[in-house]
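Scroll down for the structure; my scribbles are underneath it.
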Amino acid sequence: MFRIFRNFRAKDLGFLICGILLVAVQVGLELKMPDYMSEITRLVQTPGSEMSEILSNGGWMMLCALISFIATVGASFCFATASARLSMNTRKKLFNKVESLSMHEVKKFSTSSLITRSTNDITQIQMFVAMGAQMLVRAPLTAAWAIIKISNKSWQWSTATGIAVVFLLSVMAIVMALVIPRFKRVQKLTDRINGITRENLTGIRVVRAFNAEKYQEKKFNNTNAELTKTQLFNERMLSILSPTMYFVMNFLTVIIYVIGAYLISGAAMMDRLAIFSDMVVFSTYAMHVIMSFLFVAITLMILPRAQVSANRINEVLKTKESIKDGTFDDETAERGTVEFRNVSFKYPDAEDYLLRDISFRAEAGETVAFIGSTGSGKSTLINLVPRFYDATDGEVFVDGVNVRDYKQKALHNRIGYVPQKAVMFNGTVSSNVAYGDNGRGKKSEKEIKQAVKIAQAKSFVEKMEKDYNAHIAQGGTNISGGQKQRLAIARAIARDPEIYIFDDSFSALDYKTDAALRHDLKKYTKNATNLIVAQRIGTIMHADKIIVLDEGKCVGMGTHKELMKNCEVYKQIALSQLTKEELNV
């Protein structure tokens, strides 16, 4: 839990320290008021007392109450400010950490869980600092100060107060032992709720197409019911604390007065006034002691969930990145070359290798294509170039330098990447295309239009309302799959990199658009290296080099004509798509 407080900056710690000091002032003044009350009681009971003395003590009580009120407001402001800034810093640190994680680490936590940790979990910590931390500071100060004040009073009253405190601690310990494990369950169920909701919204068309609404509702309701049941148990257990506190408080008050009556009845006439005055003061301070435990009880209602949330956030922050940043960012002797040397790869949790002993070299200006059956490892192979994963064995070189040695920013600046699933961001056509400029969007209008034209997107972009300033919804939900692919390709073109990676990026295009795009792309990228993953033979048959993968192994490498003669796997794929005449066989 306390690791989270490392995210406080000096200014934020100032607010926190100021809040703690104001709480100390508040507690001190509140516990000073019973002294004035005792003095007023003594003056009222003493014949010949001056009214001015009574009013003076009453005035001091009112002044203490006013300053205590101001200190309370100030403390609340300081803790609220500190909690908001801690939340901001933690959220920023968590977001930056997630951005540095590899794909494997992101999948390990799951997207829905990372979203929950960045939102709900941080909110729990903010709530604890704003409310719980204030009470957590106030409770021990109040208890310690009050105990010091009553320590020299009657041992009978002290014993009764001690028994009440032990009883309260026992109840709190039992409740916490039952509740804390279930709070961990609550956060995991919240992750699952987010995951189901996200899955349902993402696949809403499929859900409706197959009339699976009832199934999705049932899946959601089962998890929701389990979450509600767990939450209800926690709330019911925690609800025991408050009435227990008030019961003990009231019962202790009665016991103090019963003991006081017994002591007064057995005392001499001259001592009775002193005992009565002590009883009034003791009962007030005893209530403060019990109230301090009430504050602890309220804190304990917030603390367990905040503790779980802090552990979940720290779990992400402490995760060691498997992709370590290199140090190289200088100019290289080579430009646009990609080389694999005996590369094998398996996912960290997998037993079997997905890729085995892959070796090839792509020179600047060449087009190298990868083809194979589904699951043969094509996409995984090219994902090793931008280091979305690192090779398990062997080495990958870009421009003659091992990719592990590059600073990731320097490596990615050499690459234009078009993923298998086109990703669009909320914004405009121009902002999505210009995103290729390291997300800064500073590409000129001329460069954007040129990239859109080469990607064969000009025809539909200029028909949209506001053309290049037309709105693109998050995920590109207001345009078709083919349009998203073309804009994603335009984004890579706008970057003007040394190496283009197309991960099955032409699958949603018709043959005519595909051919036109490749024709224009080849002219524009004649000095750049193109790595293309494709399922269509027509997309890659004119590549300078085609690499055929089968069950993670390279079973063929060469031109289209060479592979048609020498590679049975490639020949079968080709003949399943095109006729012999179309394949020039």
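We did not get these values from a lab; they are worked out from the coordinates using the rules stated. Quick caveat, the model's predicted, so the values are computed rather than measured. Here Cβ is always computed from backbone atoms with ideal geometry, including for glycine, and neighbour counts include all displayed protein chains.
The modelled label-to-label distance between residue 96 and residue 221, using points 7 Å beyond Cα along the C-beta direction, is 4.7 nm. Charged neighbours of residue 183, selected by a Cβ distance under 13 Å, balance to +4 (K, R count +1; D, E count -1).
If only the Cβ of Lys and Arg carry +1 and only the Cβ of Asp and Glu carry -1, the dipole of the chain around its Cα centre is close to 780 debye. Applying 1/(1 + (r/R0)^6) with r as the Cβ-Cβ distance of residue 581 and residue 407 and R0 = 51 angstrom yields a FRET efficiency of 0.50. With θ taken as phi - 60° and the Karplus curve 6.51 cos²θ - 1.76 cosθ + 1.60 applied, the whole-hertz 3J(HN,Hα) list for segment 443-459 is 5, 6, 4, 5, 5, 5, 5, 5, 5, 5, 5, 5, 7, 6, 9, 4, 4 Hz, x standing for glycine and proline.
Taking the charge dipole of segment 2-317 about its Cα centre, with +1 at Lys and Arg Cβ atoms and -1 at Asp and Glu Cβ atoms, the residue from 76, 133, 314 reaching farthest to the positive side is 314. Between amide H atoms placed 1.01 Å from N, distances below 5 Å from residue 369 occur with 532, 545, 546, 547, all of them 5 or more places distant or on a separate chain.
Phi-derived couplings, Karplus 6.51 cos²θ - 1.76 cosθ + 1.60 at θ = phi - 60°, listed residue by residue for segment 202-214: 5, x, 4, 5, 5, 4, 6, 4, 9, 6, 9, 4, 5 Hz, with x used for Gly and Pro. With the biggest extent put first, the Cα atoms of segment 338-575 measure 50, 42, 34 Å across the principal axes. Short to long, the 5 Å bins of the Cα pair-distance histogram for segment 281-325 hold 6, 17, 13, 12, 10, 10, 8, 7, 6, 5, 3, 2, 1, 0 percent of all pairs. When the inverse distances between all different Cα atoms of segment 2-317 are averaged and flipped, the Kirkwood radius reads 23.1 angstrom. The amide H of residue 336, built 1.01 Å from its N in the peptide plane, has 399 as neighbours under 5 Å, considering only residues 5 or more places off or on other chains.
Note on residue 265/residue 84: beta-carbon distance plugged into 1/(1 + (r/R0)^6) with R0 of 60 Å gives a FRET efficiency of 0.60. Filter the cross-link list 107/466; 442/526; 512/545 down to pairs whose alpha-carbon distance in this structure exceeds 32 Å. Those over the limit are 107/466. Extension gain, residue 319-residue 228: 0.36 nm per intervening residue step, less the Cα-Cα distance, totals 29.7 nm. Legend: calculated FRET efficiency, residue 257 to residue 123, from the Cβ-Cβ distance at R0 = 60 Å, rounded to 0.05, equals 0.85. Assuming charge only on the beta carbon of Lys and Arg (+1) and of Asp and Glu (-1), the dipole of segment 23-116 about its Cα centre is about 1000 debye to the nearest 20. Can you compute the label reach from residue 363? Point 7 Å from Cα along the Cβ direction, backbone N cut-off under 18 Å, restricted to segment 323-337. Only 333-337 pass the distance filter. Using the Cβ of residue 309 as centre and a radius below 9 Å, the other residues enclosed give a net charge of +2, where K and R count +1 and D and E count -1. For a paramagnetic label modelled on residue 511 (point 7 Å from Cα along Cα→Cβ), amide N atoms under 19 Å away belong, within segment 541-566, to 541-543, 560-561. Peptides 342-351, 401-410 ranked from most to least packed by the mean count of surrounding Cβ atoms within 10 Å: 401-410, 342-351. Applied to segment 404-414, the Karplus parametrisation 6.51 cos²θ - 1.76 cosθ + 1.60 on θ = phi - 60° returns per-residue 3J(HN,Hα) values of 5, 7, 6, 5, 4, 4, 5, 5, 5, 5, 8 Hz, with x for Gly and Pro.
The amide H of residue 323, built 1.01 Å from its N in the peptide plane, has 102 as neighbours under 5 Å, considering only residues 5 or more places off or on other chains. Available extension along the chain between residue 473 and residue 331 is 47.3 nm, counting 0.36 nm per residue and deducting the alpha carbon span.
At full extension, residue 177 and residue 211 could sit 7.8 nm farther apart than now, given 0.36 nm per residue minus the alpha carbon distance.
Listed peptides 528-535, 254-261 appear in the order 528-535, 254-261 once ranked by packing, highest mean of other Cβ atoms within 10 Å at the front.
Take each peptide in 469-481, 200-212, count the other Cβ atoms within 10 Å of every residue, and average; sorted highest first, the result is 469-481, 200-212.
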